[in-house]
């Protein structure tokens, strides 16, 4: 049985204007070196298509104890330590900002089960900032949304995560994995009349609108593309689609 991931660690890098290609080349080499060293902890890299020029490096764990275990194993691995030291020293010229955050999974607010990440190529990521003391109203809306999805057996899936550290309290993230950008064309159909009816009558919808007005400071959805050459994919992803996930061999140096 596959492990249940409840803790998501993300390192967000904001890239300086005009430095994207050079930064990508460095990250490709970095991830390739880590993969060749056979690190036991997989990592998914994604790059922004909208919003700020950001790269996110995402690692999921079943528990916080697994986070600590992985960190101790990395620190005790001299090869991995040397690799990270080498590439970290080169990275600063490409970045205007870098920050880490940890999210915890909200199964009660998620719908559709785990994403098939091995076959996916994009994420739609919605970041929601909730006013202090108003989490209950926001979560009530998300529960109503989940019930409506279940009622019509909606074809989309989404996972909800809540910031535990590294982001303001009351920050939520909604991830939707997509196999193609063409999936976005189906959103209006998926959330059409039947879905709107499942959300409830005018009284229920007015309550949702009031909850949103009271609770939500801001909400922004951005599109991200998977970056397989900057990722350290698990073996089963590589086996499922080696043409996409397998790292390209490093070019040989000219003598």
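General observations
- In the chain, the longest principal axis of the Cα atoms and the axis of helix 202-215 are about 50 degrees apart.
- Where labels lie 7 Å past Cα in the beta-carbon direction, separation of residue 73 and residue 25 in nm: 3.3 nm
- Centre separation in Å (Cα based) which lies between the stretch 92-119 and the stretch 139-180: 12 Å
- Of the residues 99, 106, 9, the one with the fewest other Cβ atoms within 10 Å heads the list, and the complete ranking is 99, 106, 9.
- All Cα pairs of the chain, percent lying beyond 29 Å: 36 percent
- Computed [θ] at 222 nm, helices only, for the chain once each DSSP H run of length n ≥ 4 contributes -39500 (n - 2.57): -11000 deg cm²/dmol
- Which of 107, 27 has the fewest Cβ neighbours within 10 Å, and the rest in rising order: 107, 27
- Model label zone, residue 155; criterion: amide N under 19 Å from point 7 Å along Cα-to-beta-carbon; scope the stretch 186-206: 186-198
- Given their separation in residues at 0.36 nm each and the Cα-Cα distance between them, residue 225 and residue 66 gain 54.5 nm when the chain is fully extended.
- A Förster radius of 41 Å, combined with the Cβ-Cβ distance separating residue 107 from residue 82, puts the computed FRET efficiency at roughly 0.60.
- Using alpha-carbon coordinates, inclination of helix 64-75 to the longest axis of the chain, degrees: 10 degrees
- Cα-based helix-to-principal-axis angle, 20-36 vs the chain, degrees rounded to 10: 70 degrees
- Among 12, 205, 121, the largest mean-square fluctuation in a Gaussian network model of the chain, built with springs joining Cα atoms closer than 10 Å, belongs to 205.
- Tail weight of P(r) past 21 Å, computed on alpha-carbon pairs of the stretch 105-222, percent: 41 percent
- Label-reachable residues, the stretch 90-118, where backbone N falls under 11 Å from a point 7 Å from residue 164's Cα toward its Cβ: 102-106
- Stretching the chain fully between residue 179 and residue 134 yields a gain of 12.8 nm (0.36 nm per residue, less the alpha carbon separation).
Each reported figure results from applying straightforward, stated rules to the coordinates on display, with no laboratory input. What you see is a predicted model, and the numbers here were worked out from it, not measured in a lab. No Cβ is skipped: glycine too gets one built from the backbone with ideal geometry, and neighbour counts run over all protein chains shown.
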